[in-house]
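The structure under discussion appears below in the form of structure tokens.
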Amino acid sequence: PAGGANVSQQIRQRRSEAEAAGIKLLDLSIGEPKGPALMSARQAASAAVLSDAEAMHAYQYNESAAVPDFARRFINAHLQRDFADEDVDYLPIPGIKPILGLLPLACGCAGEELGVATTAPGYPIPANWCAYHPNVTHQSIQLNSANAFRFGPADIPAGTELLMTNYPPNPSGQIANDAWFREICAYCAENDIRLFNDAAYVALSHDDESATLSSVAEEFPDLSWAEAFTAAKLIGNGTGWHVGAMVGSPDFIADMKEVKGKTDAGFVAAMAAGVIATLEEDQAGIDGFRALYRERLDQLMALMGNAGMRLAIEPRAGFYTLWETPTEAFGEPVNSAAEFNFSMIERTGVVGVHFGNFLRYAVCADVKSMYGDLEDAFRQARISYD
């Protein structure tokens with residue numbers, strides 16, 4: 001489709017314009033950890049780069065010759081369990097974002113019409129990919145405070161053949177528990193819907209009830225399913241490492257292998273070596289980042305709540321907070337989340353991301369160091385929901 005920018009591109013542009021105009025930015029828009037990856041990952045990746053082993057410097061495609069059994073080890077380290085070999089298959093991937101566009105292709109959209117459902121507000125890339133596939137009919141399942149940002153089977157649109165979810169999700173930070181996944185799995189199995197979950201933030205869950213699709217999908221032998229995990233937010237800042245893995249029913253993973261094998265050369269082996277070292281040997285480092293984000297979430301929620309902002313839902317995973325759009329700010333009516341966000345950027349330097357009629361503020365930056373400036377900014381805004 002010609003023209004148009006997704007919300008991330010819009011925010012980056014407004015942020016640059018404000019900075020060029022001399023506005024001091026209080027940037028809570030960045031959904032990307034600050035700083036480097038954990039030292040354990042960097043040391044292991046460094047040793048791998050210096051290796052003379054040819055496999056470490058070669059294409060990996062759908063395998064991981066340089067890091068044997070990477071995908072299974074990566075998945076099992078997330079789930080703390082093993083699968084029976086006949087029940088699932090695995091696939092190493094170069095992060096989740098590049099494979100989102102391959103999912104409709106793996107479900108046959110190159111040759112026939114395909115109904116795909118995603119959630120909104122949500123990470124925009126799945127919907128963006130659907131727009132580029134001419135045979136895909138895309139529909140959004142609406143999430144809001146009334147349904148606690150978890151949809152039910154009755155919300156899945158008629159004609160859906162591929163359901164793409166993201167739990168724990170960006171931007172709400174809601175979690176899925178075992179009971180919820182069982183309900184969705186049962187419906188999809190009964191209605192011949194392929195089910196995919198993007199579990200990018202599950203390692204940063206702040207609630208013991210947080211579950212994965214993988215934890216219950218085996219209970220539904222007729223379900224065609226897949227789930228993807230990534231190291232991007234897991235090892236500190238691993239967003240540029242492009243390492244992850246998928247697990248799923250053998251039929252779905254086989255179709256993904258077919259498409260990915262023809263279109264992708266695989267991840268960088270040395271970075272995968274660094275990632276698996278951290279997952280298997282440095283869970284304390286991962287726990288440290290999880291605790292840091294929980295502390296910052298509490299700080300930001302207290303600050304913005306005191307300023308009159310209304311939380312849409314309390315985050316139970318990740319590093320995002322989601323807020324309802326005020327009806328009035330700076331003594332003027334507010335017509336949309338985008339209008340409020342751009343007004344805050346231009347008048348106070350506070351940068352968030354608008355999703356539908358909600359506003360997302362992240363805590364990747366050090367909230368404590370900005371606390372006083374943020375208080376002043378929201379006080380200046382004179383928030384009202386009357």
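The values are calculated or read from the model by the stated rules, or taken from the named source; none is laboratory data. The structure presented is a predicted model; accordingly, all values stated were derived computationally and were not measured. Glycine also receives a Cβ, built like all others from the backbone with ideal geometry; neighbour counts cover every protein chain displayed. Side chains included, ligands, DNA and RNA excluded: accessible areas come from the protein's heavy atoms. Shrake-Rupley method; radii C 1.70, N 1.55, O 1.52, S 1.80 Å.
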Check your understanding: Which condition number does Tyr293 fail, the rest of (1) out of contact with any His (no Cβ under 9 Å at 6 or more places or on another chain); (2) surrounded by 15 or more Cβ atoms within 10 Å (Cβ to Cβ); (3) over 24 Å from Gln142 (Cα atoms); (4) modelled with pLDDT of 95 or more being met?
Key -> (1)
Exercise for review: Any residue in region 360-386 that's within 27 Å of Phe149 (Cα to Cα) and in contact (Cβ under 8 Å) with a residue 40 or more places away in the chain: show its pairings with residues that are of a type in the set (Val, Ile, Thr) and in a loop (DSSP other than H, G, I, E, B) at Cβ separation under 7 Å, as long as the two are six or more apart or on different chains.
Suggested key: Ala362/Ile30; Cys364/Ile30; Ala365/Ile30; Ser384/Thr327; Tyr385/Thr327; Asp386/Thr327
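Search region 330-386 for residues being of a type in the set (S, T, N, Q) and part of a loop (DSSP other than H, G, I, E, B), and hand back the single one that is surrounded by the fewest Cβ atoms within 10 Å (Cβ to Cβ).
Taking region 330-386 and keeping what is of a type in the set (S, T, N, Q), we get 335-336, 341, 343, 348, 357, 369, 380, 384.
Subset that is part of a loop (DSSP other than H, G, I, E, B): 335-336, 357.
On the way: Asn335: 10, Ser336: 12, Asn357: 14.
Result: Asn335.
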Review point. Within the set of pairs 6+ apart or on separate chains, which have a first residue in region 59-78 that is among the basic types (Lys, Arg), a second that is open to solvent by 20 Å² or more (accessible area, probe 1.4 Å), and C-beta atoms under 8 Å apart?
Key: Arg72/Tyr90; Arg73/Glu280
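Quick check on region 232-282: of everything there that is among the small types (Gly, Ala, Ser) and touching a strand residue (DSSP E or B) at 6+ places or on another chain (Cβ under 6 Å), which residue is farthest from Leu100 (Cα to Cα)? If you could, list the steps in order and put the result at the bottom.
Quick first cut of region 232-282, residues among the small types (Gly, Ala, Ser) only: 232, 236, 238, 240, 244-245, 248-249, 254, 261, 265-266, 269-270, 272-274, 277.
Narrowing further to those that are touching a strand residue (DSSP E or B) at 6+ places or on another chain (Cβ under 6 Å): 236, 238, 244-245, 248-249.
Numbers: Gly236: 23, Gly238: 19, Gly244: 13, Ala245: 13, Gly248: 15, Ser249: 17 Å.
Per the criteria, the residue is Gly236.
Would you point out which residue out of Ala232, Ala199 is open to solvent by less than 10 Å² (accessible area, probe 1.4 Å) and within 14 Å of the chain's Cα centre (by Cα)? Explain how you work it out, then say what you get.
Values: Ala232 fails: open to solvent by less than 10 Å² (accessible area, probe 1.4 Å).
Criteria check complete, one pass: Ala199.
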Study note, to complete from the structure: Gly173: passes all of (1) free of Cβ contacts under 8 Å to residues at least 60 places away in the same chain; (2) open to solvent by less than 10 Å² (accessible area, probe 1.4 Å); (3) under 18 Å from Phe229 (Cβ atoms) but (1)
Check your understanding: Can you tell me which residues in region 139-162 are buried (at least 19 other Cβ atoms within 10 Å of the Cβ) and within 21 Å of Leu105 (Cβ to Cβ)?
Key -> Thr160, Glu161, Leu162
